Amino acid sequence: MREIKRILVVGAVGQIGSELTLALREKYGADNVVAAGRKTKPSPALRDSGPFTWCDVVDREKLDETIKSFSIDTIINMAAILSAKGEKNPQACWDVNVTGLINTLEAAYDHNLTQVLCPSSIAVFGPETPRDNTPQETVLKPTTMYGVTKVTGELLCDYYVRRFEVDARGLRYPGIISAETLPGGGTTDYAVEIYYKAIEEGRYTCFVREDTSLPMMYMPDCIKATMDLMAAPFDGLKHHGDFNVGAMSFTAGELAAEIKKHIPGFEVAYEPDFRQDIADSWPSSIDDTSARAEWGWEPAYDLAKMTEDMLKRLKERHERGELYQAGA
Ligand code: SER
């Protein structure tokens, strides 16, 4: 495996990209991690800590130009339209998630890049998939366009590995919970919004039922998983674009109860909408034996530890006047 020297993070202004870019800058050197956004302005932390450029991953010419002008050897493609937003505009979801991915893989081949990382999601699973301890190898028949694009993405990554020897990697993120940047239109967004509302208003109306259980992960574990997979020797990998990664699973009711331990007056109501059907089609918990065996995956945060940290960080941001209304 060649050394990773100069990374382009596409979708760097999003929920994961914004924090992952800063962590990559720590590890690989600030000037060696180029953040690329499409429309949304970067936060001062992202803009001021290293190079920033505009690049829409659907625009292949612009991608090529960016790779050349910054001497990029590795791309992390975090640009995606998530599950709930994807149901409102399936065509746009396909364009960003699949055309963007094909562009990344083709560019990796043409420019002989060292590595590309294109995340997948628990959305690849569907109602026919076993819900508990969902195996690595199982039925992939998703019911959302987002899921369809992510199954396609996994197959494309594995195809480019086999056919063109591109080093393409990916993991099936569960719902990601974080205190810096809000997620942009997913089904698991309630598990982030609830913390913001607990701090800002002391009440939250949750868009899934109280007994809805999904796999989740705290951002520090998400960053660790991503960076550990990037650093793993290629020869030790049997899987490539589709690693199951688990961390914790809880129901919406259990999440509310954990927050109430810190904010006793916190009130939650449940008003399920169209996202309930999506949540019901996804696993409750994940078997990540392959990730543990092939690159040493091990999460550090459970629900209690995450909740303590989330509330502390959001409270600090609230006191600095930084919080926006979540779920608006
Ligand atoms: N968080 C994503 C979503 O809810 C799942 O990968 O769409």
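The values are calculated or read from the model by the stated rules, or taken from the named source; none is laboratory data. Everything quoted here is computed from the prediction, not taken from an experiment. Counting neighbours? That spans all protein chains shown, and the Cβs are built from the backbone with ideal geometry, glycine included. Just so you know, the surface numbers come from the protein's heavy atoms only, side chains and all, with ligands and any DNA or RNA stripped out. Shrake-Rupley method; radii C 1.70, N 1.55, O 1.52, S 1.80 Å.
Can you tell me which residue in region 123-155 is surrounded by the fewest Cβ atoms within 10 Å (Cβ to Cβ), limited to those that are among the aliphatic types (A, V, I, L, M) and in contact with a helix residue (DSSP H, G or I) (Cβ under 9 Å, 6 or more places away or on another chain)? Top of the filtered list is L140.
Of the candidates A84, A92, A107, the single residue that is in a helix (DSSP H, G or I) and within 12 Å of the ligand (Cβ to nearest atom) is A84.
Within region 115-150, if we keep just the residues that are free of Cβ contacts under 8 Å to residues at least 40 places away in the same chain and under 20 Å from L237 (Cα atoms), the residue that is nearest to the ligand (Cβ to nearest atom) turns out to be T138. Sort out which residues of region 8-42 are under 18 Å from the mean Cα position of the chain (by Cα) and among the polar types (S, T, N, Q), and write them in order of number. Within region 8-42, Q15, S18, T21, T40 meet the criteria. Being out of contact with any helix residue (DSSP H, G or I) (no Cβ under 9 Å at 6 or more places or on another chain) and either surrounded by 24 or more Cβ atoms within 10 Å (Cβ to Cβ) or touching a residue at least 60 places away in the same chain (Cβ under 8 Å) (or both) is a property that does not hold for G86. Of the residues in region 230-238, none is on the phi < 0 side of the Ramachandran plot, in contact (Cβ under 8 Å) with a residue 40 or more places away in the chain and buried (at least 24 other Cβ atoms within 10 Å of the Cβ). Hey, among the residues in region 156-171 that are away from the ligand (no atom under 16 Å from the Cβ) and outside any helix (DSSP H, G or I), which one's surrounded by the fewest Cβ atoms within 10 Å (Cβ to Cβ)? It comes out as E165. Of all residues in region 40-51, those that are within 12 Å of T21 (Cα to Cα) have Cβ atoms under 8 Å from Cβ atoms of residues that are open to solvent by 60 Å² or more (accessible area, probe 1.4 Å) and not in a loop (DSSP other than H, G, I, E, B), 6 or more apart or on another chain, in A45/L22; L46/L22; S49/L22; G50/D31; P51/D31. Against the definition (among the aliphatic types (A, V, I, L, M), without any contact (Cβ under 8 Å) to a residue 60 or more places away in the chain, open to solvent by less than 10 Å² (accessible area, probe 1.4 Å) and closer than 18 Å to T226 by Cβ), how does V10 come out, yes or no? Taking the combined requirement at face value, the residue does not satisfy it.
Restricting the first member to region 58-69 and to residues that are closer than 20 Å to A80 by Cβ, and the second to residues that are open to solvent by 60 Å² or more (accessible area, probe 1.4 Å) and not in a helix (DSSP H, G or I), no beta-carbon pair is closer than 6 Å while six or more apart or on different chains. Has region 3-15 got at least one residue that is assigned to a helix (DSSP H, G or I) and modelled with pLDDT of 95 or more? Among the residues of region 3-15, at least one is assigned to a helix (DSSP H, G or I) and modelled with pLDDT of 95 or more, which makes the answer yes. Only a single item in (1) farther than 30 Å from D158 by Cα; (2) in contact (Cβ under 8 Å) with a residue 12 or more places away in the chain is not met by A257, and it is number (2). Exactly one residue among G153, G241, G184 is touching a Leu at 6+ places or on another chain (Cβ under 7 Å), assigned to a loop (DSSP other than H, G, I, E, B) and within 16 Å of the ligand (Cβ to nearest atom), and that residue is G184.
The residues of region 188-210 that are assigned to a loop (DSSP other than H, G, I, E, B) and either under 24 Å from the mean Cα position of the chain (by Cα) or in contact (Cβ under 8 Å) with a residue 12 or more places away in the chain (or both), listed by number, are T188, D189, G202, F207, V208, R209, E210.
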